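The values are calculated or read from the model by the stated rules, or taken from the named source; none is laboratory data. No experiment lies behind these values; they were computed from the predicted model shown. Cβ sites come from the backbone with ideal geometry, for glycine too, and all protein chains shown count toward neighbours. Ligands, DNA and RNA are stripped out before the accessible areas are found, and what is left, the full protein with its side chains, is counted by its heavy atoms. Shrake-Rupley method; radii C 1.70, N 1.55, O 1.52, S 1.80 Å.
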Amino acid sequence: MKKKLLLTSFLIMSFVANAQVGILTPTPQRTLHVNGSLQLVKELNVGGSESVQGTAGKDGEFLSSNGAGTAPTWRSIESQNFLKVVFVANKDNISPSSGSYTGSHLTGTFENFSKNFIYNIVNKIDNNFISYDANTGIFTVNKAGFYNVATYFTYDLNLNGTNQTEGTATSQLQREADTQNLVSAISTGHGERTNYVYHQLTGIQSFAAGETFRLRCIYTQDFRLSKGNISISYLTQ
């Protein structure tokens, strides 16, 4: 009780002398000056006026200073052109689980023989921006804007016999609706007794909400798809 009375008297004296409130300080420098920690159980409202309530911002936003004498503003990460990572995944298994996919063998087309690369471990996903079908390997964009896609993956040719590993590996990050407008692509040639082929693709693309894209892979000889990883970041609208 004694401590409460002392604190109350201290606050009253500080307020009367300076028209300011100081907590644990006899010389408040602002309307409210707290010389200690502050705990907020609910929202923090900024801006507004004497008769209008300030805003508490939206989920995930941060406070950005507007300089002296002006209330700070709630801002989103993407509005500041920061990379917002919305998807991270890995593949630690081999597809197919037995046998191999049929290669193009020089006569087949990319669309007819290529396979979707499927990540079996999703480490992070923000469904406000993107969705992922782990059965098909297809990504669906939920928020329109520019996305940065970076992926690394492996072709496994170990099951192939003698004179059955030489060929060309072609990989494409492609929109489903427009396979000619590629996000990124690579094609590399390899000699006999190549057991593994490693590809890395990175691209920045503008997507509309509802658009879908995927990573497609093909090799001349029969092939399997093994270890890989991917990260997708949202840049801006």
**Fill in**
Computed on Cα atoms, the radius of gyration and Dmax of the stretch 83-159 in angstrom are 15.0, 42
**Asked** How big, on average over all directions, is the shadow cast by the Cα convex hull of the stretch 151-237, in nm²?
**Response** 6.0
**Prompt:** Net charge near residue 183, counting Lys/Arg +1 and Asp/Glu -1 over other residues with Cβ under 15 Å of its Cβ?
**Reply:** 0
**Prompt:** Taking the stretch 25-129 on its own, what percent of its Cα-Cα pair distances exceed 23 Å?
**Reply:** 61
**Request:** Determine the relative contact order of the stretch 109-228: mean sequence separation of Cα pairs under 8 Å and six or more apart, normalised by residue count, in whole percent.
**Result:** 37
**Fill in**
Candidate cut points under trypsin sites (Lys or Arg not before Pro) in the stretch 51-137, DSSP loop plus at most 11 other Cβ atoms within 10 Å of their own Cβ, are 58
**Message:** Charges at C-beta only: +1 for Lys and Arg, -1 for Asp and Glu. How large is the resulting dipole of the stretch 56-185 about its Cα centre, in Debye rounded to 20?
**Reply:** 300
**Request:** Among 112, 25, 74, pick out the residue whose Cα is farthest towards the positive end of the charge dipole of the stretch 14-112, where Lys and Arg carry +1 and Asp and Glu carry -1 on C-beta, about the Cα centre.
**Result:** 25
**Where chymotrypsin sites (Phe, Trp or Tyr not before Pro) fall in DSSP loop in the stretch 53-98, at most 15 other Cβ within 10 Å** = 82
**Solvent accessible area, Å² - residue 102, 1.4 Å probe, full protein context** = 80
**Prompt:** Given a 1.4 Å probe, how much area per residue of the chain is accessible, in Å²?
**Reply:** 59
**Selected from 40, 174, 147, residue furthest toward positive end of dipole (the chain; charges at beta carbon)** = 40
**Request:** Mind scanning 115/227; 42/143; 58/91; 91/115 and naming the pairs with a C-alpha gap bigger than 25 Å?
**Result:** 42/143; 58/91
**Fill in**
Over the chain, the quotient of the Cα radius of gyration and 2.2 N^0.38 Å is 1.64
**Request:** Using a 1.4 angstrom probe on heavy atoms only, work out the carbon and sulfur share of the accessible area of the chain in %.
**Result:** 52
**Complete:** With +1 on the Cβ of every Lys and Arg and -1 on the Cβ of every Asp and Glu, the dipole magnitude of the stretch 124-189 about its Cα centre, in debye rounded to the nearest 20, is 200
**Asked** In units of 2.2 N^0.38 Å, what is the alpha-carbon radius of gyration of the stretch 59-117?
**Response** 2.33
**Fill in**
To the nearest 20 debye, the chain has a Cα-centred charge dipole, built from +1 on Lys and Arg Cβ and -1 on Asp and Glu Cβ, of 1060
